[in-house]
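*Asks:* Got a structure for you, written out below as structure tokens; questions coming shortly.
The values are calculated or read from the model by the stated rules, or taken from the named source; none is laboratory data. Model, not experiment: these values are computed from the prediction. As a convention, Cβ positions derive from the backbone with ideal geometry for all residues, glycine included, and neighbour counts pool all protein chains shown. SASA here: full protein model, heavy atoms, side chains in, ligands and nucleic acids out. Shrake-Rupley method; radii C 1.70, N 1.55, O 1.52, S 1.80 Å.
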Amino acid sequence: MSKLCPILMIGPTVPSFHLDKAVPNDTDNVLNLFQVDSSAISWLRQKPAGSVIYISFGSMVCFSSQQMEEIALGLMATGFNFLWVIPDLERKNLPKELGEEINACGRGLIVNWTPQLEVLSNHAVGCFFTHCGWNSTLEALCLGVPMVALPQWTDQPTNAKFVEDVWKVGIRVKENENGIVTREEVENCIRVVMEKDLGREMRINAKKWKELAIEAVSQGGTSDNNINEFINNLKRS
């Protein structure tokens, strides 16, 4: 089969603007599923390097009010700045008083949606609390951001396994006997990434994977060579 239809590996499929920068304006193809809140980027620019936890569980994950409360209380207990993406349709699951407390504390910002690549590439982001969907996982890996994983279904547990045990760029939270990730677990895992020696190793590994991603798509890299080979084969056919 390989002789009839050779498979050429390309990627990572992250816009050049965020990797090798060979195409300086390569941001026009960015798609957003919801209305973007522009306040997120300006808020990030005011924060010190590596001081912000970015939280986004994608467009489909829907947590119970109890789980949202545990996440919120865990985030606030860390003492770190945090940017939390909660689509408007899911905002009802966050207790109103907690949302008001987050907005009043001065360290947290809740938004409807953000341009994720722009957020992950911002120097202020030190940790990504994610559901480990493949796009999010790949983007964090390519941009050198360590992760706290809270996978839900399909490929997400496998992606989280790779994040923690293979690439060693993050840690997976554990559910209690009732299937809830407690505030203590959220706080502890974030502190591991942001403060502990293990988190420092994760940042070193994340930087290594970022460098490998850039190398692959840069001129003469494996992805670049494979794309050129594919085009040349088309020309010859």
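*Asks:* Starting from the Cα of K208, draw a straight line to each of the lysines and keep only those under 16 Å, dropping any in the same chain fewer than 8 residues away.
*Replies:* Hits, sequence-local ones excluded: K168.
*Asks:* Kindly sort S16, S39 by accessible area of their heavy atoms, largest first, with the probe set to 1.4 Å.
*Replies:* Working: S16 20, S39 45 Å².
Of S16, S39, the descending order of accessible area is S39, S16.
*Asks:* Check the straight Cα-Cα distances from K207 and name the aspartates and glutamates below 19 Å, setting aside those fewer than 8 residues away within the same chain.
*Replies:* Cross-link targets: D20, E118, E139, E164, D165, E195, D197, E215.
*Asks:* Using the crude model of +1 on Lys and Arg Cβ and -1 on Asp and Glu Cβ, and no other charge, please compute the dipole size for the chain relative to its Cα centre, in debye to 20. Could the numbers behind the result be given before it?
*Replies:* On the way: 22 positive and 28 negative charges, 121 e Å.
The calculation lands at about 580 debye.
*Asks:* Next up: Only helices at least 15 Å long along their own axis, judged from Cα atoms, and with Kyte-Doolittle mean hydropathy of -0.5 or greater: name those in the chain from DSSP H.
*Replies:* What comes out of the filter, once short or polar helices are dropped, is 65-78, 183-195.
*Asks:* OK, next. Step through the residues of the stretch 10-23 one at a time and calculate ³J(HN,Hα) from phi using the Karplus curve (6.51 cos²θ - 1.76 cosθ + 1.60, θ = phi - 60°), rounding each to whole Hz and writing x for Gly and Pro.
*Replies:* Running phi through 6.51 cos²θ - 1.76 cosθ + 1.60 with θ = phi - 60° gives 10, x, x, 8, 9, x, 3, 3, 9, 10, 8, 6, 5, 10 Hz.
*Asks:* Taking the Cα centre of the chain as the origin and placing charges on Cβ (Lys, Arg +1; Asp, Glu -1), which of V173, G11, N233 is farthest toward the positive end of the dipole?
*Replies:* Result: N233, furthest along the dipole toward the positive end.
*Asks:* Please calculate how many Å² of accessible area the stretch 67-221 carries per residue, with a 1.4 Å probe and no DNA, RNA or ligand atoms counted.
*Replies:* Details: 6900 Å² over 155 residues.
It amounts to 45 Å² per residue over the stretch 67-221.
*Asks:* Sort 46-59, 100-113 by packing, meaning the average of other beta carbons within 10 Å per residue, with the highest value first.
*Replies:* Numbers: 46-59: 18.2, 100-113: 15.4.
Per-residue Cβ counts within 10 Å, averaged per peptide and sorted highest first, yield 46-59, 100-113.
*Asks:* Of the listed peptides 119-132, 62-75, 137-150, 175-188, what is their order by residue-averaged count of other C-beta atoms within 10 Å, with the highest listed first? Can you show the working numbers first?
*Replies:* Details: 119-132: 23.1, 62-75: 18.2, 137-150: 24.9, 175-188: 14.9.
Top to bottom by mean Cβ count within 10 Å: 137-150, 119-132, 62-75, 175-188.
*Asks:* Net charge within 10 Å of K168 by Cβ-Cβ distance, Lys/Arg positive one each and Asp/Glu negative one each, not counting K168 itself? Show your work: numbers first, answer last.
*Replies:* Working: positive: K208; negative: E164, D165, E201.
Charge balance near K168 sits at -2.
*Asks:* Debye sum, Cα scatterers, the chain, no solvent: what log₁₀ I/I(0) at q = 0.08, 0.11, 0.16 1/Å?
*Replies:* Taking Cα atoms of the chain as identical point scatterers yields -0.32, -0.59, -1.15.
*Asks:* Let me ask another. To the nearest whole percent, what portion of all C-alpha pairs in the stretch 157-205 is separated by more than 16 angstrom?
*Replies:* Working: 521 of 1176 pairs.
The answer is 44 percent, as a whole percent.
*Asks:* Using a 1.4 angstrom probe with every protein chain in place, what is the largest-first accessible-area order of I231, I7? Walk me through the numbers on the way to the answer.
*Replies:* Details: I231 75, I7 140 Å².
Solvent-accessible surface, decreasing: I7, I231.
*Asks:* Find the Rg to Rh ratio for the stretch 51-108, where Rh is the Kirkwood radius over alpha-carbon pairs and Rg uses the same atoms.
*Replies:* Numbers: Rg = 10.7 Å, Rh = 11.6 Å.
Ratio of gyration radius to Kirkwood radius for the stretch 51-108: 0.92.
*Asks:* Moving on to the next point. So, with a 1.4 angstrom probe, what is the percent of accessible area on the chain that is carbon and sulfur? Provide the component values of the computation, followed by the final result.
*Replies:* Details: 6770 of 12700 Å².
Its accessible area is 53 percent carbon and sulfur atoms.
*Asks:* Given contacts defined as C-alpha pairs under 8 Å and at least six residues apart, what's the relative contact order of the chain, whole-number percent? All intermediate terms of the calculation are to be shown ahead of the outcome.
*Replies:* Values: 378 pairs, mean separation 55.8, N = 237.
About 24 percent, as a whole number.
*Asks:* Among the lysines, which have Cα under 30 Å from the Cα of K92 when same-chain residues fewer than 8 positions away are ignored?
*Replies:* Candidates past the 8-residue exclusion: K47, K174.
*Asks:* Over 10 Å intervals from 0, what percent of Cα-Cα pairs in the stretch 16-128 sits in each interval?
*Replies:* So the P(r) values, bin by bin, are 13, 44, 33, 9, 1.
*Asks:* Roughly how many whole Å is it from the C-alpha centroid of the stretch 143-168 to that of the stretch 219-236?
*Replies:* After rounding, the separation between the Cα centres reads 30 Å.
*Asks:* With the calculation restricted to Cα positions, what are the radius of gyration and Dmax of the stretch 132-237 in angstrom?
*Replies:* Rg, Dmax (Cα atoms, Å): 17.6, 61.
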